[in-house]
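Inspection log for the structure reproduced underneath, given as structure tokens.
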Amino acid sequence: YVAQFDAKQLAWPPTAADVAAHLLQAGRSQQALAVLDGAARAAAAWHSPEWDDTRIAVLEALGRNDEAQQLRWACFAKTLSASHLRQHLKRLAAFEDVEAEERAFAVAEDHPMRLLALDFFVRWPAVARAGRLVLAHGPDWDGEAYEILGPAAERLSSEQPLAATLLLRSMLVFALSTGRTKRYRHAAEHLGSCELLAARIDDWQGMERHESFVGRVREVFGGRWSFWSLVER
């Protein structure tokens, strides 16, 4: 199939998704599906997002809408892709989308990669679910994943101050325990935010209170002078 296209129009080496997309554009949907099927047999362990999206488009072009919907759901269940879920829900009959959304939330809550689940709930948005997920895992969050925890803590701070606190603490402790001096300024800001949030938390739900946490951090990381100098400014 590749030889039938102008080389200027096709990146080299082309992927199966590239070839199938060009065939689809040319109105040759059945051939596009054959290319994707061949690639699937060659590498069944993993499909790229481009492969999945192209296959969905091809299936719809062939009128195989149920299969396209099944693939959208499978993509969501694997990667917690909000875009695939939105497209799936948009094509459901009235009221079916509400039930499907609840099923999707259950899938996200049980997903083995909790950071993906948190990011999904924050972006959807489903703030209550995000807060519940954070509290379910307590302080056991990967503070290195600041690109996910930072926006999540900010989003949760207004409605879920305890959950936001746990994420801020995780990032703070990670920075101090690994000696990431470039992150000390952020860590100091996180500690300040935790103090403000603490004033709004009535029920700590068994989590360590702010004063106790600060005392423990001082005891363990008291030698991080550059960090404490930022805190005490």
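The values are calculated or read from the model by the stated rules, or taken from the named source; none is laboratory data. Fair warning: this is a prediction, and the values are worked out from it, not measured in the lab. Here Cβ is always computed from backbone atoms with ideal geometry, including for glycine, and neighbour counts include all displayed protein chains. In case anyone asks, the SASA skips ligands and DNA or RNA and just uses the protein heavy atoms, side chains included. Shrake-Rupley method; radii C 1.70, N 1.55, O 1.52, S 1.80 Å.
In the stretch 149-233, which helices (runs of 4 or more DSSP H) lie fully inside it and hold 2 or more residues that are under 25 Å from A130 (Cβ atoms)?
Helices (runs of 4 or more DSSP H) meeting the threshold: 161-177, 184-198, 210-221.
Name every residue in the stretch 101-143 that is of a type outside the set (F, W, Y), assigned to a loop (DSSP other than H, G, I, E, B) and open to solvent by 20 Å² or more (accessible area, probe 1.4 Å), in order of residue number.
Within the stretch 101-143, D110, H111, P112, M113, P125, H137, P139, D140, D142 meet the criteria.
Assess whether M207 counts as being touching a Gly at 6+ places or on another chain (Cβ under 6 Å), more than 17 Å from R233 (Cβ to Cβ), open to solvent by less than 80 Å² (accessible area, probe 1.4 Å) and of a type outside the set (D, E, K, R).
no
Residue check: is A44 modelled with pLDDT under 85 and assigned to a helix (DSSP H, G or I)?
Here the answer is no, as A44 does not meet what is asked.
With respect to T165, is the statement that it is surrounded by 15 or more Cβ atoms within 10 Å (Cβ to Cβ), more than 26 Å from A104 (Cβ to Cβ) and hydroxyl-bearing (S, T, Y) true?
Yes: the conditions hold for T165.
Residue check: is L172 touching a residue at least 24 places away in the same chain (Cβ under 8 Å), within 19 Å of D203 (Cα to Cα) and either open to solvent by less than 10 Å² (accessible area, probe 1.4 Å) or in contact with a His (Cβ under 8 Å, 6 or more places away or on another chain) (or both)?
So L172 fails the test.
Given the residues A77, A39, A61, A82, which is the only one that is surrounded by 14 or more Cβ atoms within 10 Å (Cβ to Cβ), in contact with a Leu (Cβ under 9 Å, 6 or more places away or on another chain) and hydrophobic (A, V, I, L, M, F, W, C)?
Residue meeting the stated conditions: A61.
List pairs: first in the stretch 108-119 and within 15 Å of G131 (Cβ to Cβ) and without any contact (Cβ under 8 Å) to a residue 60 or more places away in the chain, second of a type in the set (K, R) and open to solvent by 20 Å² or more (accessible area, probe 1.4 Å), Cβ under 9 Å, 6+ apart or cross-chain?
If the second residue must be of a type in the set (K, R) and open to solvent by 20 Å² or more (accessible area, probe 1.4 Å), the pairs left are A108/R129; E109/R129; E109/R132; A117/R129.
Return the residues of the stretch 144-162 that are more than 18 Å from the chain's Cα centre (by Cα) and open to solvent by 70 Å² or more (accessible area, probe 1.4 Å); say none if nothing qualifies.
S158, E159, listed by residue number.
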